[in-house]
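Peer 1: Okay, here's the structure, questions in a sec.
The values are calculated or read from the model by the stated rules, or taken from the named source; none is laboratory data. Computed from a prediction, not measured in an experiment: that's the story for all the values here. Backbone-built Cβ (ideal geometry, glycine too); neighbour counts: all protein chains shown. Heavy atoms of the whole protein, side chains included, go into the accessibility calculation; ligands, DNA and RNA do not. Shrake-Rupley method; radii C 1.70, N 1.55, O 1.52, S 1.80 Å.
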Amino acid sequence: MTGNRQDALGLLLLSAGLLTLLVWGLTVGTSDISLADAWHALWSDTDQREEIVVQDVRLPRLLAAIVVGAALAAAGTIMQAVTGNPMADPGLLGVNAGASFAVVLAIALGGVSGAQNLVWFAFLGAGGAAALVYLLGGAGRSGTTPVKLILAGVVVASFLGALTMSILVVDMQTFDEVRLWTAGSLKGRDMQGVLLLAPYAGVSLIGAIVLRQQFNALALGSDTAGSLGQNQPLWLAISALLVVGLAGSAVALAGPIGFVGLVVPHLVRMSIGSNYARILPFACLVGAGLTLLADTLPRAIFARDVPVGISLAAIGAPFFIWLARRERAART
Amino acid sequence: MIKSDTGIIETKAVAVDYGPTRIVEDLDLQIAPGKLTVLLGPNGSGKSTILRALARLQPAASGTVLLDAQAITRMSTKEFARRVGLLAQGATAPEGLRVIDLVRQGRYPHRPLFGGWGADDDAAVAEALALTSLQDLQDRPLEALSGGQRQRAWIAMTLAQATPILLLDEPTTYLDIAHQVDLMNLIRRLVDTRAMTVVAVLHDLNQAARYADELIMLKAGKIMAKGPACDIITPEVIARAFGVEVKVLHDPEDGLPFCLPQRTVTPQADA
């Protein structure tokens with residue numbers, strides 16, 4: 001099919017673009033390192049200063065941006081398909097807040113440390129918050145409606161966010177440890193952390209890509225999907241697990257970053273249409289690129305380190321308002 | 001590709017609950033294979049509930065629904081979906097979904113978990129698009145279509161499913177009369193040329209009388225009357241079912257009955 005070839009070409013171009021961004025990102029930072037020097041420093045093994053900066057500071061941060069962006073974009077895509085809600089996003093639906101609350105709680109009360117341990121708390125918190133939002137959003141006579149689901153998500157996200165803040169206010173030591181992280185930051189990620197968490201995100205991403213055909217059926221709603229022979233409870237559970245794995249590992253790596261999961265599926269949908277099987281791989285690459293850009297651009301332009309959660313919110317919040325207004329206009 | 005073997009679907013002493021309320025009780029229903037059966041009845045009489053029970057979307061509280069003498073609850077979801085298709089009421093698709101992408105979803109029960117897209121899938125989709133005359137619109141997003149075209153796209157999805165049995169929940173509601181006629185003629189053609197078994201819920205008594213082989217009049221979750229149009233579209237049956245006095249006339253050409261409502265005769269308990 002020609003459509004497949006077009007998609008393959010598009011994905012190839014996006015991958016090349018992502019790679020270009022990655023190489024460019026290696027040259028951006030407090031010390032000026034030219035492209036040629038950065039490229040050289042990436043592969044050499046002599047412990048010079050430039051080499052340490054490129055290999056131990058910049059590269060892990062850029063890789064973390066790629067992993068986090070791809071994971072959150074995939075999570076958002078799956079959530080939008082499954083809930084039939086174009087405003088679904090792991091940030092807006094409280095999944096990220098749940099994950100970061102559980103992580104902060106584990107650090108403050110349990111003295112847990114190390115990414116490989118904290119990630120499990122992130123999964124637990126993400127799953128718990130998702131379940132809570134789903135229950136709250138489905139309460140009442142009319143069942144789950146898109147608006148109720150978003151309201152439930154916002155309520156759960158702000159409640160868990162407030163709890164997280166109150167722990168941090170009381171516990172200064174934890175506060176210092178996670179201050180940047182709770183704003184959603186990629187600063188100071190070391191290669192060890194990235195390598196520890198990337199497999200969790202990677203497995204979830206591969207799972208999502210392999211099973212991407214299922215999201216199209218899910219997106220048609222429970223009646224239609226059921227009459228097409230899709231085993232609803234099974235695939236809803238698998239989708240929830242994938243979202244928890246994707247959002248949980250992203251939060252464990254970079255804190256709660258919002259809006260990637262919201263914005264990216266829409267950007268992709270606008271250019272290739274609403275086939276979720278096609279959207280998913282594109283969303284992964286675009287999400288990775290957008291996060292990488294949002295993290296690197298402030299340093300390149302202002303020479304300041306802005307947490308990526310904040311720079312993405314600056315892009316994402318106006319987009320959300322535009323989307324919500326358009327949704328309302330479409331309904332009336 | 002659309003199978004010619006006819007499936008036989010029937011219910012044995014089926015009761016269906018909706019929340020705490022029993023909607024359908026002790027229902028014994030045999031659907032005539034290779035025919036168009038229309039479920040009629042006032043609001044709340046259980047038409048859609050029965051259709052959903054046949055489609056396995058609504059579990060029976062007691063009794064069994066049988067498909068070719070096998071309890072439908074004992075089949076896998078995919079196996080059932082290869083034999084029974086449903087056009088649900090008010091089905092929605094994601095914004096921007098193209099017609100072709102929707103119709104392709106009809107192949108879901110025929111595809112293995114990780115399997116690719118085969119030649120028979122392409123053939124089934126092409127045939128479904130041809131039957132519904134949607135070839136020229138296949139790359140359009142659904143929301144760019146008229147109501148009638150959109151309904152045809154959903155029908156095309158169920159046709160791509162290639163099931164011997166097709167269940168339609170109020171397929172003509174919200175369509176203008178031209179689109180209604182087109183759709184009913186298409187359904188009639190599927191029954192006549194492919195011996196498909198079609199069960200449809202309709203509101204329009206005259207439409208039902210004109211197109212159906214068999215009418216089933218429901219009231220309060222029970223079968224009140226069953227038979228060809230000339231036995232069901234009568235002043236007595238309609239007064240009993242709807243509490244409406246009607247004048248029944250007959251088409252001078254084919255003798256099919258049609259009715260003109262006059263006035264309500266008894267206040268309806270449950271509207």
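Peer 1: Tell me the residue from B:ALA69, B:ALA128, B:ALA144, B:ALA93 that is in contact (Cβ under 8 Å) with a residue 40 or more places away in the chain and in contact with a Leu (Cβ under 9 Å, 6 or more places away or on another chain), please.
Peer 2: On the way: B:ALA69 fails: in contact with a Leu (Cβ under 9 Å, 6 or more places away or on another chain); B:ALA128 fails: in contact (Cβ under 8 Å) with a residue 40 or more places away in the chain; B:ALA144 fails: in contact (Cβ under 8 Å) with a residue 40 or more places away in the chain.
That would be B:ALA93, the only listed residue that is in contact (Cβ under 8 Å) with a residue 40 or more places away in the chain and in contact with a Leu (Cβ under 9 Å, 6 or more places away or on another chain).
Peer 1: While we're here: Note down all Cβ pairs under 8 Å where the first residue falls in the range B:179-195 and is more than 15 Å from B:ALA130 (Cα to Cα), the second is assigned to a helix (DSSP H, G or I), and they're at least six residues apart or on different chains.
Peer 2: These pairs meet every condition: B:HIS179/B:GLY147; B:HIS179/B:GLY148; B:HIS179/B:GLN151; B:GLN180/B:GLN207; B:MET184/B:GLN207; B:MET184/B:ARG210; B:MET184/B:TYR211; B:ARG188/B:TYR211.
Peer 1: Answer yes or no as to whether B:THR163 is assigned to a helix (DSSP H, G or I) and hydroxyl-bearing (Ser, Thr, Tyr). Before the answer, list the steps.
Peer 2: Numbers: assigned to a helix (DSSP H, G or I): no; hydroxyl-bearing (Ser, Thr, Tyr): yes.
It is false that B:THR163 is assigned to a helix (DSSP H, G or I) and hydroxyl-bearing (Ser, Thr, Tyr).
Peer 1: Kindly establish whether A:ALA219 is free of Cβ contacts under 8 Å to residues at least 24 places away in the same chain, in contact with a Leu (Cβ under 9 Å, 6 or more places away or on another chain) and either within 11 Å of chain B (Cβ to nearest Cβ) or surrounded by fewer than 22 Cβ atoms within 10 Å (Cβ to Cβ) (or both).
Peer 2: Values: free of Cβ contacts under 8 Å to residues at least 24 places away in the same chain: no; in contact with a Leu (Cβ under 9 Å, 6 or more places away or on another chain): yes; either within 11 Å of chain B (Cβ to nearest Cβ) or surrounded by fewer than 22 Cβ atoms within 10 Å (Cβ to Cβ) (or both): yes.
No.
Peer 1: Can I ask one more? Given the conditions (1) loosely packed, with under 15 Cβ neighbours inside 10 Å; (2) at pLDDT below 90; (3) of a type in the set (A, V, I, L, M, F, W, C); (4) touching a helix residue (DSSP H, G or I) at 6+ places or on another chain (Cβ under 9 Å), and given that A:LEU163 satisfies all but one, which numbered condition is not satisfied?
Peer 2: It is condition (2) that A:LEU163 fails.
Peer 1: Looking only at the range B:215-245, count how many residues are surrounded by fewer than 18 Cβ atoms within 10 Å (Cβ to Cβ) and in contact with a Gly (Cβ under 9 Å, 6 or more places away or on another chain).
Peer 2: Total satisfying the criteria: 4.
For (1) in contact with a strand residue (DSSP E or B) (Cβ under 9 Å, 6 or more places away or on another chain); (2) open to solvent by 60 Å² or more (accessible area, probe 1.4 Å); (3) within 14 Å of chain A (Cβ to nearest Cβ), each residue gets a yes or a no:
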site: B:VAL38; (1), (2), (3): yes, no, no
site: B:LEU51; (1), (2), (3): yes, no, yes
site: B:LEU54; (1), (2), (3): yes, no, yes
site: B:SER62; (1), (2), (3): yes, no, no
site: B:GLN70; (1), (2), (3): no, yes, no
site: B:THR77; (1), (2), (3): no, no, yes
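Peer 1: So B:VAL103 passes all but one of these: (1) more than 9 Å from chain A (Cβ to nearest Cβ); (2) under 24 Å from A:ILE209 (Cα atoms); (3) assigned to a loop (DSSP other than H, G, I, E, B). Which condition number does it fail?
Peer 2: Going through (1) more than 9 Å from chain A (Cβ to nearest Cβ); (2) under 24 Å from A:ILE209 (Cα atoms); (3) assigned to a loop (DSSP other than H, G, I, E, B) one by one, B:VAL103 breaks only (3).
Peer 1: Still on this model: Restricting to the range A:11-46, what's the tally of residues that are surrounded by 17 or more Cβ atoms within 10 Å (Cβ to Cβ) and of a type in the set (Gly, Ala, Ser)?
Peer 2: Total meeting the criteria: 4.
Peer 1: Now for a separate question. I'd like to check something: does the range B:248-269 contain any residue that is open to solvent by less than 30 Å² (accessible area, probe 1.4 Å) and assigned to a loop (DSSP other than H, G, I, E, B)? Walk me through how you get there before you give the answer.
Peer 2: Of the residues in the range B:248-269, the ones open to solvent by less than 30 Å² (accessible area, probe 1.4 Å) are B:257, B:259.
Then drop every residue that is not assigned to a loop (DSSP other than H, G, I, E, B), which leaves none.
Among the residues of the range B:248-269, not one is open to solvent by less than 30 Å² (accessible area, probe 1.4 Å) and assigned to a loop (DSSP other than H, G, I, E, B), which makes the answer no.
Peer 1: Which residues, taken from the range B:190-205, are open to solvent by less than 10 Å² (accessible area, probe 1.4 Å) and either part of a helix (DSSP H, G or I) or of a type in the set (Ser, Thr, Tyr) (or both)?
Peer 2: Initially, the range B:190-205 is screened for residues open to solvent by less than 10 Å² (accessible area, probe 1.4 Å), giving B:190-191, B:196-202.
Passing the criteria: B:LEU190, B:VAL191, B:THR197.
Peer 1: How many residues are within 24 Å of B:ARG189 (Cβ to Cβ), open to solvent by 20 Å² or more (accessible area, probe 1.4 Å) and within 12 Å of chain A (Cβ to nearest Cβ) when one looks only at the range B:106-137?
Peer 2: Of the residues in that region, 2 qualify.
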